[in-house]
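Working notes for the structure below.
A short reminder: the numbers here are calculations on the coordinates, not readings from a lab. Values in this document were obtained by computation on a predicted structure and should not be read as measured data. FYI the Cβ positions are ideal-geometry reconstructions off the backbone, even for glycines, and counts take in every protein chain you see.
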Ligand SMILES: Cc1ncc(COP(=O)(O)O)c(C=O)c1O
C-alpha cells in the first residue's frame, strides 16, 4: 500500500486518509443492512466524550452514541485502563474456567438488575443473548412457541432474526419455527396508539388462539428502540406481566438498547416496577468498548439448571476482557452519576423536542424517555403522511441526512425518522449545540410539507 502520508488529529495518527480507509473497507468488507453500492461511511480515527473525528480532523457531535450503545461516552480512560490491565494479566481463558472479572460482574449485575434476577449467562452481544433466552425459556417450560412483536428488532442471527418483527426479518424467513408475532400498542403516525387495555385484550386473544400451554415466552423490548422509541402506555407492561403469570409464559425483556441508563434507569422496566423472568442486555453493558452481552434470569429459572443440563455455550462466554470492561463501565455510570444526568438532561431534551414540534410543520411526532429520543417527520399535516414510506427513504430524508453530515452532526436516520440518543455524559450546552443543528436542518424538511 502506498499510503505514507501521516494524518494527525489530536492524539491520533493514521497513515491512511479518510478516502483510503473508506475505499479499502468498501472493497474488502461488507457493511450492514445495505446495498454496498449505496454505503458512504464516515471514516473515524478518534473519539472522546460526545465527539468523534475523521482522519482529516473533521469533528462530529455523536447524537446517537454510535449504535445507541456508547452510553458513557467515547474514550473513557478508566475503562480503557481496565481493559489494558486485564489484557496484560489474563486476556482469555476457556469459559469452563472461573475468573475474577466473571465472578465480580455476575455479582454486580445481580445488585443492579430488577427483582430477583441474579444469575447471568454471558454472550458476545445482544442477538445471542436473545438466542439463549429463548433456548432457556423452552428448556425451562417444556413449551415451544415464542411471542414477539412486529415493531421490534431482536438481532441478526437466525433465531433473533425470526423474533424480529421489522423488515430485517424478511430476508431470514422462513426462520426458526414457533415464533408468533403480535401487534404493538402503537400503529404508526396516522392511527396512533391503542390504550394499554385494548392492546392487552388483543394479546390475550392471541394467547388463547395459539394455545397458552404451547407458549414458552413473550419477548419484548420494554421501550422499543429502532422501531420508534415507543414508550408503552402506562399499565401495558404490568398487564403483560399479569398475562404471562396467568398462562405460565415467561416474560423476556429485551433491554439491549433501553438498558444501562438510556432511559434514566438501570433498566427501562424499572419505570413500571415490573420484574421480567429474563432480561437481555449488551451495548451499554460495556458501552461497546468490548463486545459483551448477557441473559439475566430469576433464581427459579437458574435453579432448573442445577440438575438439568444447560445446553448452551460460546467460546467467548464470560470473556475476561468483556467482563473487566463491563465492571469498569458500570463503575463509571456510578461515579459520574450518569443515570441522574440522563434523567436531568432527558427533561431538557424533552422540552427541546417539544419546541421542534411546535416550530416545524414537518415534525409529526416527538417521543423521548431519558436520553432516548426520536423525531417522526411528515409531509402532510392533515393526513399525517410520513416523509418517507415504510421501509424506504425519500429525497427529503436524504437531504436531511446530508445536511447533518456537512454540519458535523451524526445520528441515525431511518425511513421518516431520526434519533436523539447522545451519550449519557452530555451536558446542557452540548445538548443545545446538537439541537441548534437539528433546528436548522428541519428547514429542509419543512419545505416538503404540502398541507
Ligand atoms: C433491542 C435490541 N435487541 C437485540 C439487538 C441485537 O444486538 P447485537 O447487535 O449486539 O447482536 C439490538 C441491536 O441493535 C437491539 O437494539
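Available extension along the chain between residue 36 and residue 273 is 81.0 nm, counting 0.36 nm per residue and deducting the alpha carbon span.
Rounded if a/c is under 1.5, else prolate if a/b is larger than b/c, else oblate: which is segment 143-236, with a ≥ b ≥ c the root eigenvalues of its Cα gyration tensor?
Oblate, because a/c is 1.5 or more while a/b does not exceed b/c.
Exposure proxy for 277, 355, 76: other Cβ atoms within 10 Å of each Cβ, ordered fewest to most, give 355, 76, 277. Over segment 120-175, Cα pairs under 8 Å with separation of 6+ residues give a relative contact order of 28 percent. Note on residue 100 and residue 170: their simple-model spin labels are 5.2 nm apart, each label 7 Å out from Cα toward Cβ.
Taking 8 Å as the Cα distance limit and 6 or more residues as the minimum spacing, I'd like the relative contact order of the chain as a percentage. Dividing the mean separation by the residue count of the chain yields 19 percent.
Distance from the alpha carbon centroid of segment 62-83 to that of segment 239-281 works out to 24 angstrom.
Starting from the coordinates of the alpha-carbon atoms of segment 188-302, obtain the Kirkwood hydrodynamic radius over all distinct pairs and give the value in Å to one decimal. So the Kirkwood estimate lands at 15.0 Å.
Mind sorting 272, 33 by how few other Cβ atoms lie within 10 Å of their own Cβ, fewest first? Before the final figure, lay out each step's value.
Working: 272 16, 33 10.
Least to most surrounded, the residues fall as 33, 272.
Spin-label model, residue 190/residue 67: points 7 Å from Cα along the beta carbon direction are separated by 3.3 nm. Taking the fewest neighbouring Cβ atoms within 10 Å as the starting point, the ordered list for 153, 316 is 316, 153. Label-to-label distance for residue 88 and residue 406 is 4.8 nm, based on points extended 7 Å past Cα in the beta-carbon direction. Distance from the C-alpha centroid of segment 296-373 to that of segment 103-152: 15 Å, rounded to the whole angstrom.
Translational diffusion coefficient of the chain (Stokes-Einstein, Kirkwood radius from Cα pairs, 10 °C, 1.306 mPa s): 69 µm²/s. Normalised by 2.2 N^0.38 Å, where N is the number of residues, the C-alpha radius of gyration of segment 86-175 stands at 1.33.
Along its principal axes, segment 295-451 has C-alpha extents of 65, 35, 28 angstrom, given from the largest down.
Using 0.36 nm per residue of separation minus the Cα-Cα distance, give me the extension gain between residue 306 and residue 446 in nm, one decimal.
On the way: separation 140, 0.36 × 140 = 50.40 nm, distance 6.01 nm.
Fully extending the segment from residue 306 to residue 446 adds 44.4 nm.
Only helices enter this figure: runs of n ≥ 4 DSSP H residues, each worth -39500 (n - 2.57), summed and divided by the residues of the chain, yield -12000 deg cm²/dmol at 222 nm to the nearest 500.
In nm, what is the difference between 0.36 nm times the number of residues separating residue 344 and residue 427 and their Cα-Cα distance?
Extra length from residue 344 to residue 427 when fully extended: 28.9 nm.
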